[in-house]
Amino acid sequence: MKLTYQIEEKDLVATQRLGMRPRRWLAIVGAGLFVLLLLTCAFWIYEWISSGFSGNQLWWMGGLVVYISLVFFVWLPWRAKRTFRQQKTLHHPLTVEFTNDAFLVEAVHGSSRVPWTDFHKWKAAHDS
């Protein structure tokens, strides 16, 4: 099978997000920690309302949420788009060919042939 395509900015952003997707057990641990964080916030808010709690912990937790949101939804996409604009080799079309024994890529400036035996594992995007 032979495919020719042109990489766009959104493809590079999606690739970065795919590369950051954690393994299943790390995602479960992260979800558990997130639930623990929410429960802790709920407890601190309850204490704050019921006994005049100062709320200093809420500031750093809110700051952490803002920081993580800015990194994932502002900084990483901005960096990927900047990389795409700066890397002119990404603006040329690529031809990809899948054979029984190798993966072949051809571009304006060169080509590459990688045997399937050289691949250890890969990730697939489930959103496309």
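Points to keep in mind about this one:
- Loop sites here are chymotrypsin sites (Phe, Trp or Tyr not before Pro) outside DSSP states H, G, I, E and B with no more than 15 other Cβ atoms within 10 Å. The longest part of the chain free of them is 54-118.
- Modelled spin-label separation between residue 36 and residue 100, with each label point placed 7 Å from Cα along the Cα-to-Cβ direction: 5.2 nm.
- Computed FRET value (nearest 0.05) for residue 108 with residue 48, which takes r as the C-beta separation and R₀ as 41 Å: 0.10
- Each 5 Å bin from zero holds the following percent of Cα-Cα pairs in the range 1-42: 5, 17, 13, 14, 14, 12, 10, 7, 4, 3, 2.
- Think of the chain as a dipole: +1 on every Lys or Arg Cβ, -1 on every Asp or Glu Cβ, centred on the Cα centre; then among 22, 6, 69, 6 lies furthest on the positive end.
- Using only side-chain charges placed at the Cβ, +1 for Lys and Arg and -1 for Asp and Glu, the dipole size of the range 1-89 relative to its Cα centre rounds to 640 debye.
- Dividing the summed helix terms, -39500 (n - 2.57) for each DSSP H run of n ≥ 4, by the number of residues in the chain produces a 222 nm estimate of -17000 deg cm²/dmol to the nearest 500.
- Cβ-Cβ FRET estimate between residue 18 and residue 59, R0 fixed at 35 Å, reported to 0.05: 0.55
- Residues whose amide H lies under 5 Å from that of residue 102, counting only those 5 or more places away or on a different chain, are 116; hydrogens are built 1.01 Å from N in the peptide plane.
- Computed from label points 7 Å out along Cα-Cβ, the spacing between residue 27 and residue 74 is 2.7 nm.
- Selection from 103, 89, 119 lying farthest towards where the dipole of the range 80-121 points positive, charges on Cβ: 89
- Structure-derived volume of the Cα convex hull per residue in Å³ - corresponding label in (i) 107; (ii) 137; (iii) 192: (ii)
No value in this document is a laboratory result; all are computed from the given coordinates. If you're wondering where the values come from, they're calculated on a predicted model, not measured in any experiment. Counting neighbours? That spans all protein chains shown, and the Cβs are built from the backbone with ideal geometry, glycine included.
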